[in-house]
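Scroll down for the structure; my scribbles are underneath it.
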Amino acid sequence: MKTAWLLFFIPLFSFGQNADWRELQGKIDSAIKIHGKVEIRRNYKIDKPLVAAAWDGKEYTYFSIQIIGEATMWDVNARSKISTTFKDAPALVIQKGKDVIIHGVNFQGQYQAPALNTEQLYSTELENYGDTTCRDSRYSPFCAIAIDPFSGGLPPDKGYPSLKSWYRGPAKISGSTDIRIEDCTFNGFTVGAILSLAGEVSDDGHMTFENIRIGTCKIGIAGTGGNEKLNKVINIGSWGTTHTLLDFTLYGKQEPGNWLVDGVNIAGNVVQLVCRNSRDKQPLHMKNVFAESLGRIGVWSTLLADKLENASINFRYINQTKGFPDFALLGDGVTISQSTLRYYGQKLPIVFVGQQAHVNTTYDGNKPVFWNNSDRKKSRNPGMSTVQISSKQAIVKEEAAIGDAVVFLDENNKYVGYGLVEKLLDGNCLVGQISGSVKPGRNYYATVYKK
């Protein structure tokens with residue numbers, strides 16, 4: 001009797017594992033046929049990615065669907081959850097959707113923040129950060145929602161392992177339009193939501209992400225294609241451990257699209273707000289940003305009219321990070337206006353590298369340092385000192401005042417990082433709290449910032 005019971009029990013357990021996925025995928029397939037609605041009234045655990053797509057035998061065709069749950073961006077992960085048991089595919093794919101609504105769904109993945117202390121987290125670059133047990137490939141990262149990941153033939157990274165049969169149809173595809181994702185949570189993914197992974201997408205436009213909570217992820221939302229137009233992020237909050245909230249550099253064609261961001265709240269462990277090089281493709285406009293513990297604004301360059309306005313940013317205290325960030329903002333062409341950037345309650349330098357326009361921007365007693373490599377001679381400035389860094393400290397042979405910023409340059413006179421004058425030593429100064437890119441055991445040129 002015991003043996004018979006075991007043989008009977010094992011198939012039931014396997015059936016239970018797949019039941020949630022089969023139920024949801026069946027509802028999605030049925031709703032696509034009638035442009036209908038799928039209601040997420042309970043919590044689901046899926047062992048396969050959900051795919052919303054319409055195939056006519058030759059190519060993907062447009063469809064509309066509503067996937068409606070009861071969650072909000074403020075809840076406590078109790079309602080309308082879709083949790084994954086896998087780490088190498090999207091929880092939900094939307095392929096060539098039009099007039100699609102995803103509302104009130106709490107997406108929970110398997111990604112975990114690396115075991116880093118505060119100093120290590122805020123000194124780790126985006127390319128080197130993440131949960132190595134989760135897929136993080138250029139054309140197929142582990143994510144909550146992937147919009148248009150498929151085209152004819154596999155991408156260079158061979159695509160999502162469990163979705164290979166979905167890479168079909170024309171090599172160049174028409175992308176999704178008019179997708180609204182609202183009152184959703186993305187927690188436990190390499191990327192929360194990502195667009196245009198297929199690469200050759202003619203358009204991924206008029207997307208709206210509204211009332212979105214980012215928990216613990218590597219990246220909150222990622223754009224990848226230059227044909228992304230009029231995409232909006234409205235009211236996004238990040239209260240977990242996330243390296244970069246908005247990225248446009250790592251995935252797909254690595255081209256920046258046209259994005260509008262209105263309303264950002266950061267109160268968790270977030271290293272940088274944005275990573276992007278707009279070049280001459282499409283602009284990014286961002287406004288109404290409040291951040292309590294941001295490491296830096298990020299890397300952001302443009303030949304267009306990119307801008308950040310009405311921002312109140314309090315950078316993470318250096319006694320917690322054990323040193324300054326390499327910069328507050330690295331990049332050219334960005335305009336910052338009507339904003340306050342500061343170390344709250346402290347009088348410290350804030351370094352901006354590149355040609356930027358700061359209009360009606362205040363620093364609350366902190367000293368802004370504007371450094372532009374193109375303004376410097378290629379040969380060594382004779383007034384600079386040659387120093388060696390030892391344990392995030394250096395003695396610089398220049399006259400200075402306590403609290404001055406000291407800029408470190410490489411052998412090509414290019415900016416590397418900076419530190420703070422902490423003590424005066426008979427014509428020399430002791431520099432501490434040196435940013436992470438200035439490595440111990442190496443020689444640099446150093447100069448006290450005089451402006």
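The values are calculated or read from the model by the stated rules, or taken from the named source; none is laboratory data. The structure displayed is predicted, hence computed values, not measured ones. Using ideal geometry, Cβ is built from the backbone for each residue, glycine included, and neighbour counts are taken over all protein chains shown. Accessible surface is based on the protein model in full, side chains and every heavy atom, while ligands, DNA and RNA are left aside. Shrake-Rupley method; radii C 1.70, N 1.55, O 1.52, S 1.80 Å.
Rolling a 1.4 angstrom probe over the protein heavy atoms with all chains in place gives the stretch 256-345 an accessible area of 32 Å² per residue.
Computed from Cα atoms alone, the Kirkwood hydrodynamic radius reported for the stretch 60-193 is 16.1 Å. Overall, the stretch 214-331 carries a charge dipole of about 100 debye about its Cα centre when +1 sits on the Cβ of Lys and Arg and -1 on the Cβ of Asp and Glu, all other atoms neutral. Among all the lysines, which ones have a C-alpha under 16 Å from Lys392's C-alpha, if same-chain residues fewer than 8 places away are not counted? Reachable lysines: Lys322, Lys423, Lys439. With the cut-off at 1.5 for a/c, could you classify the stretch 223-277 from its C-alpha gyration tensor as rounded, prolate or oblate? Cα axes put the stretch 223-277 in the oblate bin.
Using alpha carbons only, the radius of gyration of the stretch 246-300 set against its Kirkwood radius gives Rg/Rh = 0.98.
When +1 charges are put on Lys and Arg Cβ atoms and -1 charges on Asp and Glu Cβ atoms, the dipole computed for the stretch 177-243 relative to its Cα centre reaches about 280 debye. Checking the cross-link pairs Lys87/Lys287; Lys96/Lys218; Lys45/Lys287 against a 28 Å limit on the alpha carbon distance flags Lys87/Lys287; Lys45/Lys287 as lying beyond it.
Classify the stretch 35-114: rounded, prolate or oblate, from the alpha-carbon gyration tensor (a ≥ b ≥ c, eigenvalue square roots; a/c under 1.5 rounded; otherwise prolate if a/b is larger than b/c)? Oblate shape, in that a/c is at least 1.5 and b/c is the bigger or equal ratio. When the chymotrypsin sites (Phe, Trp or Tyr not before Pro) in the stretch 246-288 are filtered for DSSP coil states and for at most 10 other beta-carbon atoms within 10 Å of their beta-carbon, no site remains. All alpha carbon pair distances within the stretch 35-74 were sorted into 10 Å bins beginning at 0; the resulting P(r) in whole percents reads 21, 43, 28, 7, 0.
A Cβ-based charge dipole, computed about the Cα centre of the chain with Lys and Arg at +1 and Asp and Glu at -1, lands at about 480 debye.
Answer with a single label: of [x] 1.09; [y] 2.05; [z] 0.94, which was calculated as Cα Rg over 2.2 N^0.38 Å from the structure in view? Checking each listed value against the structure points to [x].
Have a look at Ala291, Ile266, Asn277 and report the one farthest towards the positive end of the charge dipole of the stretch 250-294, computed about the Cα centre with Cβ charges (Lys/Arg +1, Asp/Glu -1). Among Ala291, Ile266, Asn277, the one farthest towards the positive end of the dipole of the stretch 250-294 is Asn277.
With R₀ set to 35 Å, the beta-carbon distance separating Asn319 from Glu23 gives a calculated FRET efficiency near 0.10. Could you tell me what percent of the accessible area of the chain is made up of carbon and sulfur, with a 1.4 Å probe and every protein chain present? After summing per-atom areas, the C and S share lands at 51 percent. Under the combined filter of DSSP loop state and at most 12 neighbouring Cβ atoms within 10 Å, the stretch 48-87 retains these trypsin sites (Lys or Arg not before Pro): Lys58.
The helix-only estimate of mean residue ellipticity at 222 nm for the chain, built from DSSP H runs of length n ≥ 4 each weighted as -39500 (n - 2.57), is -3000 deg cm²/dmol after division by the residue total. Nearest 5 is fine: what % of DSSP beta bridges in the chain come out antiparallel, could you say? Antiparallel bridges: around 20 percent, rounded to the nearest 5. For the stretch 312-370, the equivalent ellipsoid derived from the Cα gyration tensor has semi-axes of 19, 14, 8 Å, listed largest first.
Accessible area per residue for the stretch 138-206 is 30 Å², calculated with a 1.4 Å probe on protein heavy atoms, without ligands, DNA or RNA.
What lysines does Lys281 reach when the alpha-carbon gap must be under 19 Å and sequence neighbours fewer than 8 apart in one chain are set aside? Once the sequence-local lysines are set aside, what remains near Lys281 is Lys229, Lys232, Lys253, Lys307.
Taking a ≥ b ≥ c as the square roots of the eigenvalues of the alpha carbon gyration tensor, the stretch 303-405 is oblate, as a/c is not under 1.5 and a/b does not beat b/c. Here the relative contact order of the chain, from alpha carbon pairs under 8 Å that lie six or more residues apart, stands at 8 percent. Working value for the stretch 121-255: equivalent-ellipsoid semi-axes of 23, 18, 12 Å, each the square root of 5 times a Cα gyration tensor eigenvalue, largest first. Measuring with a 1.4 angstrom probe and ignoring ligands and nucleic acids, Arg342 comes out at about 50 Å² accessible. Once Lys and Arg get +1 and Asp and Glu get -1 on their Cβ, which of Ile350, Ala394, Ile147 lies farthest toward the positive end of the dipole of the chain? Projecting each Cα onto the dipole axis, the largest value belongs to Ala394.
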